Each structure stands twice: as structure tokens, then as C-alpha cells.
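Here's the structure, in C-alpha cells; my notes come after.
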């Protein structure tokens, strides 16, 4: 539906809440929810004389992100005040970073794409404090201000205008989500506002190298809304441009109920933020030692893990993609492999049994009733032929709903595969005795028909053995008996 | 025995320890004087007699059981810029006329821990913006030496309270001279410590990179005692310096032999009153007699200090004062029509003219298109000024000069002339821009009004300043001259 | 170029300070006087001089990530001009 004459140019600013337990400049808790204003202190409330003191973990997390995208870490970085009046901004200025962010230029490598790797330029990433929230719709036409969120550390990650479609944007956001959760620097929870997105959109004629006038859509908090907002805004701009009009540079808001963007009224007053270095905080110096210690403690990142999974586990790209969807899944998978030593079997089981069941019951990996080790042990029983795959599935299902240990279940229900030649022989004999008609048919039949009938006998044997008879042994004995 | 209200903090401390009098007697003595005399000076904004006496009773129990801290039982007045839990902290403004902080400034906590008693909160220029204590919402404060004169400012209430013997000591803050200039005008001793020496937490901000709290008292010896209580790193203030705890009282008996004092009188002679020059020269002779070596120096960059200051201070202030918006505390206009109206009217009705003017100037110099031309430029010149001081202080141990242009001026004489009021800060703002410690001590009386000299020291070398000031006060009695007889005249 | 009444009004909008119409000219004169006083700075060569934003020659100290504050919102809310359901009330906020 996109007009082939136009090229969409998109840049993103993602506000990522960092997973510290206290605020960026005060010792108040950052936990989500809570009675309004119960997680505030003199600093968060901008009481007279209150002063900010910087949280080391917020700095560490910013550096981890920078290292994660191979960005330049600025040895000196400076906090600035961004001055404007708004009720959710108690000081009348936001402490942010303007000229000297912690993280400089870097590259974000996307791998969940048709091409192997797609690169997005990261302009910068800087630390700042989150604002509070306005609560509307009560109090007789007034708004209520809750400052619990004020002062939560944010990392604002700014990209170059490198996206050409909303699909790429979504890929990036998902990959970013993956990276920051792998790093453990954010829970990345969009619904709770841990990851919020400002989208800058402009259009230009295909082949034109100048950028068109852009609009900025603020504060979108779900992948779906990002996609919709972009789609609406692109069409809106095309309509304007095709009619010979001009796009106005402005800040817009995405209204998910009406599925449209519209200008933000609060941004209509021209603002002049009067940035200047925050005199209550001194310059931050980051030593090489500090950086190298962080570098040494970095976890394996998604892209590296992706490559390793394909290489060492001999699984397909698609499989790897699914298994890397979160760090928890990847860790789970690796423990299953380590326990049962069959990477392909593990991959199939984790995807088709585990993830399917988790999705169905809306659980996350850590809530799985069957631990990775338990699943690994169960699969090792398939590997060493103690049980069949089919039995394993039954055991898995039963263990899942009963929240029991699968191995104990196997013991308890005597579900171990029967390999014993004599036992199986007895059952086979019984089946042959019971089905003399079929035996006759078999003996008279051609090869093709014989195969079908053999299936029937195997089925009967399995039924009588409660599925526990080793199919190989069953086949072997049946073949022998029927050719007698 | 000397009357209680005439005694220094050190004398009161010794008297309390020797049980010559109780803390309750001391506290009552000052409260009584405030009640009977402060209508003449308007030095105090808030007094809480009950609280003060309750604290005195506790102090007396401590003294009786021998659990004395540094200042146990001694009443101290605090500039109304330091937040005091449960006690109104107005900053001299209508904006905070109803503000009772639920927390203490670090300086106040330290005084509480030292056993001191909060005598009351002193008058000041609104948000510390002024040099005369005339811009207070609570009315002008008057100089105890001559009530037609200003006490100086912005810590004018603290200075007047000490001069009128309504308090033995007080806290002040100094952004461009607000401790030193009123100390000079009121004939007392006041120290602006090195930037970072004293926590700014809970001290209502005027200009964050310039503000510094400090002690004001009759003597340098008392200032040293107060410094022992006030100073030290504070985890709540990122700009407080990580320095070893010092005993400022321990270093007050050093001879001045070999001490090099840089003298800047040539730079300022053209602007100085002749009588004041005589006082300064007399003080120099005294310092020389005490063993100091005088070296003439020049600080040409200092002529840029006042304009530099009047860019940086309003810029920081314009931002610092944005939090006063009528939402969470302080003044809120009646029946705001909308959000913009709430902000604009609360601020316009809550702030006085000088504060508004400085907010506008600060907003202007930070605004797009002017930032580099004014703000960045001023910060560059600030470095030149600091470098010049540092270079001088490599050759000399301290720099001596006038604190002010002359003795206290008449009330109302400068209120309509901003520039002339700003130029009052000519000799003091340099130390704020450079972050250096500076002390003002009395050196004479001109037409029944005192004048002081200023000594500027090296970074974190308050100790040497206090020692020189103390040695000077051992040898002279200007600091003992008092306005008090006039109270009863 | 010296500051104009229009600029003063723009600045006062930014600062949320209201200036009465009849005050504008007088205030502009006052501020113009102060601005021309600080314009003295322009004559000084500051090329290659780094700005000095804070006189304390030190770097930022860092705080460990610990929750050190207890909930004192009752005290803080009690001094606010207008509160309901633990929220600070303001005239309607428009996005």
C-alpha cells in the first residue's frame, strides 16, 4: 500500500528505564505501582535545598549498553539541566545529558532479518531522569500528580534515521528489547512503560538524498502501536505531499483508540530548553579500569549466542531465533542440552512441548512446572531408549499438569520401555493368536499390503504393552513370527 | 561576671562547663533581648521560644551528666535559608511564608548533633538576592550601629543579631559576599569557606556553583568553633568536598612570622573612601607587626568579577527557582484558571521584584542565541579569574583587601539603582567565582559605623585565615567594639 | 543590539513570570541597563579558555544503588496546597 514513489525515513528515540532498585539521583525505590507519591523523597519532590546524588548502577548499565553495541564510551560525561515547566517535572528542569552523553556513536546489528545482518547507526545514548505521571479524569476537571516515577533512571537511545519501514523498526525494537534483557539492564516491559518510543518520520521522493520535514510521535508504548502510528503518519504525510502541501515539523501524539496521530497541544508553546551544565553535579569521569571491569563481566550477547547456537548445536537459523527469543529460553535450552546431550532433540522439545505449553498457559520460562534439568533427564531417557518418544510426551504432559518430577512419574507408573525379548515375545504370540484372519491376509499379501498389516500388528502389541514395548524389538519379533 | 549576652561562644561554652550558668539561663537571656530589642532591628523572622527552652532543658541535663558535645547548650541563630524541620523556613519570601520543611538541612542536623540550640531564624534578602536585607518579604533589617543604615546582606539578619548581642553566633550563606559584607557592615567576623567545605543540602539554592554556608560570630575563635560543627563531606551533596575532618580551633596560636600576605590596595584605592583606606593601612601595619610579610600584588581580572557574577548567578538562580510553582509547597495563587495561570500567577505573586528581575535576566542569558555569548563567556572568564587568584596564591599565603567599598550605606539609598547595588559586591564576588575561602574581620569604625578587611586564602585553607584573624583579634579590639550602648540610649 | 520589550515578554513567558503591561518599559530599561553592564565581558579574549562550571576541582562521587529513603509522603503531602487521594492537584493537564 506504500506509494512506490516515496521513501519513508524513520529515526527512533527509545527511553529505556534502567533496572536499578533506587532512583538515579535519590535513594527512593523505583518499583512500579505503589500508592501515589509513596516512593518519593525530598529530592524527587524538588523540595527547597534538596540535591541530586548520582546512582553508580545507572552509570554501569549505560556503559554496559554502550559496550553491548560497540559504542564509544565517553571518558568525561556531563549532566545538563533541560528547563521547562510541566507538572510532572517537579524541579522545573530535567537532569539530562546534552553535549556529553555517556555513550557516543555505535552500531546496532539486527540479525532477525532476511539479510543476515542489518546495521542501525546509534547516534548516542544518554542518561536522564524520568518524569512523574499526571492522572486525569477525576477530581472535578483537575489532574492529579504522582511523582513515584519521577527520578527513575532512563537511558535515551537515539538512532540515526536509518529505518525505511515499520517492519525494520519493529525488528530493531525487538532486538533492542532482547539486548537489554540479556544485559539485565532493563526489564524492557513496554506495557509498564519500561521501554517507550519516540518515532521521527519524514518522507522523501525515491532517490532524493535530502531529508524531508519530519514529525515526532511521542511516547508510544507497544510494538503494535508503533507499527500503527507509523502507518497512519506515513499515509498522512503522503496525502499532504501529494496534494502539494508541506509537512509541518511538530510533535504529535498517537491515540490508540482512534488509531490516529494528532498534534500535542502542550507542545504548541515554543520551548527553549536553556540547557546548561547541572551545577549540583560534577563531571563524571569514567576510567579505563572501570570500563574493562565491566567488559570482563559482560554476559554473552544475543548475536554471539545466535552464531554459537547454529554452529555448536547444529540447529537451523529459525530454531536458533526461537530459542533466543529471551535469555531465559536460551538458558533453559542450554541446560536441557547439557543434561541430555542431544541438541536437536532438545531444540524440538523446547519449542514444540515447552514453549507451546508455556504460551498456552500464559507462563514465562521461570514459571515452568518442569525445570530444564528435569526435561533434560526426561529426554535422556529417550536417548538411552528407556522410554519411547510417545511415552515421553505423555509423561511430560502428566508431569506438567500434576507438577511432578517426570522421572519419578516414570518410576511410579512403571512406564519404562520393555526391551525384554521373552516378555515381548509372549505379547506378540498373543496378538497373532487373536488375529488369525489378519495373519492369513498377511501371508497372502504383496509387499505393500504386508507393510500396512505389519503396522496393524505393531499397534496391537503396543496397545497390549501400554505402549511400553520397544518398537524395534516388536518389529523384529513380528517379522520373525510372521515369516514362520 | 560579664553579662551573658556579651560573651563569645567560647566563653559561654566554658561558663556552661564550669556551671556558672545554665543553658536555660543563656537561652532565656538571648530570647529576652530579642523580645525587647528586635523591633528596632528586625533581625529575626521566626522565634520558637518553647522549642528553644525545651532544647535548653535537655542540654542542661546533658551538661549535668557530663555528656557535652561541642556546642551543648549554646543558642545559635540560623539564616532563614536553612531548612529546619517543623520550623518555618521562608527564605525571606512570600513564596515560602507558609513553608514548614519536614526535613533538616545538613548544617542544621550537624548543629543539633553538636548540642546547639536553635535560637531562631534570621532575616535576609529574599532568596539571598541582595546586599542590604531590604528585599525581605518580612521587611528591611536595620543596622544595630545606626538603624538608618542597612546591615548589609543577604545575611543581614544574622549579622545584625550578633552585632546587637541578640545571638552569640549565627549561620549565613555567601553567594557573592552575603556573609562577608554584612559582617563588615555590622562589625563582626564572618567566614565564607571554600566551595564544597560545607554541605548545601537543605540550604535553599540561589546559585548552586557559588553558594556556600558559613559561620558568623563576634570572633575568629568562635568562627573556628562553628566551622568544626558545620564542615565535612555530606553524602547528600555531590559538591561537598571529600576532605579529612579538621579541628579549626587547634590551629589558632600560630605566629605570623614568615607569613606572606598579598596586598591589593593599589587596585582599589581609586574607589575607596579615604577613612576606610586609613583603616586598611592601619590593619596592614598591625599584620606586619605580628610578623607577616606584605607583598603588593595586582588582580586585574577582578574588574570582570561583578559582571561575570551577574551572568552566572542569575542564570543558575532562574533554573533553581523554577521549582517554586505552587504545586507541592509554598505559595499558590487563588483559583487558577488553568495550568499556565497557576504557574504564572503563583510565581508572579509569590516572588518579589528583585527576584523576578534576576530570574528574567538569568532566563535571558541562557536562552537560545545568547547562551554562548553570555553564559559560556562568563564561565570562561570565571576560569581566568580563578587562575589569576591561584597564580597569586602560589606566591603569597593569602590576599588582603577591603571587604566593601565603605561603611554601611543608608536604607533606601541604593534600592532603585541595581548597578550601584551590584557594585557593592566588587571585592567579595571574586572568592565565590574562584571557590576560595575568605574571611571578613572588623578593623575600625568610621562615623560610628564599622568596617572590615577581607582575607582570601587558598583552597581549603580556612585554618590559616582563621589563625591570622585570631592573631589580629588578640592584638586589637575592633571586634570588641559594639553597638550595644546605643540600645539603652 | 540591546534587549527589546518584546524579548522581555518572551523571556517572561519562558520563566512563567507575568509582567503587567504598564511595567514593561520600565523593566526593559532596568534589564537593559544590567545587560549592558555585563556586556563588558565581551571585550575579553577567551579563546581556548575552558569554561569553569564549578569551582570544586573534583569529579562526581557515586552512590551505591540502595534504597535509603523511607515513605514520608504523609509529611510531604501535608504541606502541599492541594491534595486528593495522595495526588498533588493541579488544573487539568493537557497532553
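What the table below lists for this structure:
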item	result
Cross-chain or 6+ apart pairs with Cβ under 7 Å, the range B:299-311 first and more than 7 Å from chain C (Cβ to nearest Cβ), then modelled with pLDDT under 95 and not in a helix (DSSP H, G or I)	B:299/B:264; B:306/B:426
Filter result for the condition that a residue is surrounded by 12 or more Cβ atoms within 10 Å (Cβ to Cβ), in contact with a helix residue (DSSP H, G or I) (Cβ under 6 Å, 6 or more places away or on another chain), in a helix (DSSP H, G or I) and modelled with pLDDT of 95 or more, over A:294, A:310	A:294
Sole exception among (1) more than 12 Å from the chain's Cα centre (by Cα); (2) in contact (Cβ under 8 Å) with a residue 12 or more places away in the chain for residue B:112, by number	(2)
Of the criteria (1) closer than 30 Å to residue A:75 by Cβ; (2) within 14 Å of chain B (Cβ to nearest Cβ); (3) free of Cβ contacts under 8 Å to residues at least 12 places away in the same chain, which one residue A:293 fails	(2)
Flag for residue A:49 being away from chain B (no Cβ under 13 Å), at positive phi and in a loop (DSSP other than H, G, I, E, B)	no
Any hit, the range C:18-32, residues being in contact with a helix residue (DSSP H, G or I) (Cβ under 9 Å, 6 or more places away or on another chain), touching a residue at least 24 places away in the same chain (Cβ under 8 Å) and either within 7 Å of chain B (Cβ to nearest Cβ) or over 18 Å from residue B:318 (Cα atoms) (or both)	yes
Single condition residue B:455 does not satisfy, out of (1) surrounded by fewer than 24 Cβ atoms within 10 Å (Cβ to Cβ); (2) more than 14 Å from chain C (Cβ to nearest Cβ)	(1)
Of all residues in the range B:57-83 being in contact with a strand residue (DSSP E or B) (Cβ under 8 Å, 6 or more places away or on another chain) and more than 20 Å from residue B:43 (Cβ to Cβ), the one that is surrounded by the most Cβ atoms within 10 Å (Cβ to Cβ)	B:73
Output for the range B:231-246, where each listed residue is surrounded by 22 or more Cβ atoms within 10 Å (Cβ to Cβ) and either touching a strand residue (DSSP E or B) at 6+ places or on another chain (Cβ under 7 Å) or more than 10 Å from every other protein chain (Cβ to nearest Cβ) (or both)	B:231
Pick from the range A:461-472, criterion assigned to a helix (DSSP H, G or I) and touching a strand residue (DSSP E or B) at 6+ places or on another chain (Cβ under 8 Å), ranking: nearest to residue A:410 (Cα to Cα)	A:462
Per-region count, the range B:338-387, residues outside any helix (DSSP H, G or I) and under 23 Å from residue A:98 (Cα atoms)	4
Residue within the range C:45-57 that is part of a helix (DSSP H, G or I), in contact with a helix residue (DSSP H, G or I) (Cβ under 9 Å, 6 or more places away or on another chain), within 7 Å of chain B (Cβ to nearest Cβ) and surrounded by fewer than 16 Cβ atoms within 10 Å (Cβ to Cβ) present	no
Residue within the range A:437-460 that is in a loop (DSSP other than H, G, I, E, B), outside the structural domain of residue A:392 (by TED's automatic domain parsing) and on the phi > 0 side of the Ramachandran plot present	no
Residue C:60, sole failed condition from (1) in a loop (DSSP other than H, G, I, E, B); (2) more than 7 Å from chain B (Cβ to nearest Cβ)	(2)
Residue that is modelled with the lowest pLDDT [pool: residues in the range A:141-166 that are part of a strand (DSSP E or B) and more than 22 Å from the chain's Cα centre (by Cα)]	A:142
Matching residues, the range B:261-294, being modelled with pLDDT of 95 or more and over 26 Å from the mean Cα position of the chain (by Cα)	B:285, B:288, B:289, B:290, B:291, B:292, B:293, B:294
Subset of the range B:312-331 (residues that are touching a strand residue (DSSP E or B) at 6+ places or on another chain (Cβ under 9 Å) and more than 9 Å from chain A (Cβ to nearest Cβ))	B:326
Residue count, the range A:172-189 (criterion: touching a residue at least 24 places away in the same chain (Cβ under 8 Å), crowded, with 19+ Cβ neighbours inside 10 Å and in contact with a strand residue (DSSP E or B) (Cβ under 9 Å, 6 or more places away or on another chain))	9
Scope the range A:52-70; condition in a loop (DSSP other than H, G, I, E, B) and at the interface with chain C (Cβ under 9 Å from one of its Cβ atoms); matching residues	A:53, A:54
Residue check for residue B:418: over 30 Å from residue B:283 (Cβ atoms), at pLDDT below 95 and at the interface with another protein chain (Cβ under 7 Å from one of its Cβ atoms)	yes
Evaluation of residue A:26 against (1) at the interface with another protein chain (Cβ under 9 Å from one of its Cβ atoms); (2) assigned to a loop (DSSP other than H, G, I, E, B); (3) within 30 Å of residue C:14 (Cβ to Cβ); (4) in contact with a helix residue (DSSP H, G or I) (Cβ under 6 Å, 6 or more places away or on another chain) (one fails), failing number	(4)
Hits in the range A:271-284 - residues which are more than 9 Å from chain B (Cβ to nearest Cβ) and under 24 Å from residue B:211 (Cα atoms)	A:283, A:284
Residue within the range B:270-278 that is surrounded by fewer than 18 Cβ atoms within 10 Å (Cβ to Cβ), touching a helix residue (DSSP H, G or I) at 6+ places or on another chain (Cβ under 7 Å) and more than 14 Å from chain A (Cβ to nearest Cβ) present	yes
Top-ranked residue in the range C:15-37 [being under 22 Å from residue B:208 (Cα atoms) and at pLDDT below 95; ranked as surrounded by the fewest Cβ atoms within 10 Å (Cβ to Cβ)]	C:35
Sole residue being more than 9 Å from every other protein chain (Cβ to nearest Cβ), surrounded by 19 or more Cβ atoms within 10 Å (Cβ to Cβ) and over 28 Å from residue C:72 (Cα atoms), chosen from A:95, A:73, A:78	A:73
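The values are calculated or read from the model by the stated rules, or taken from the named source; none is laboratory data. What you are looking at is a predicted structure, and each value in this text was computed from that prediction instead of being measured. As a convention, Cβ positions derive from the backbone with ideal geometry for all residues, glycine included, and neighbour counts pool all protein chains shown.
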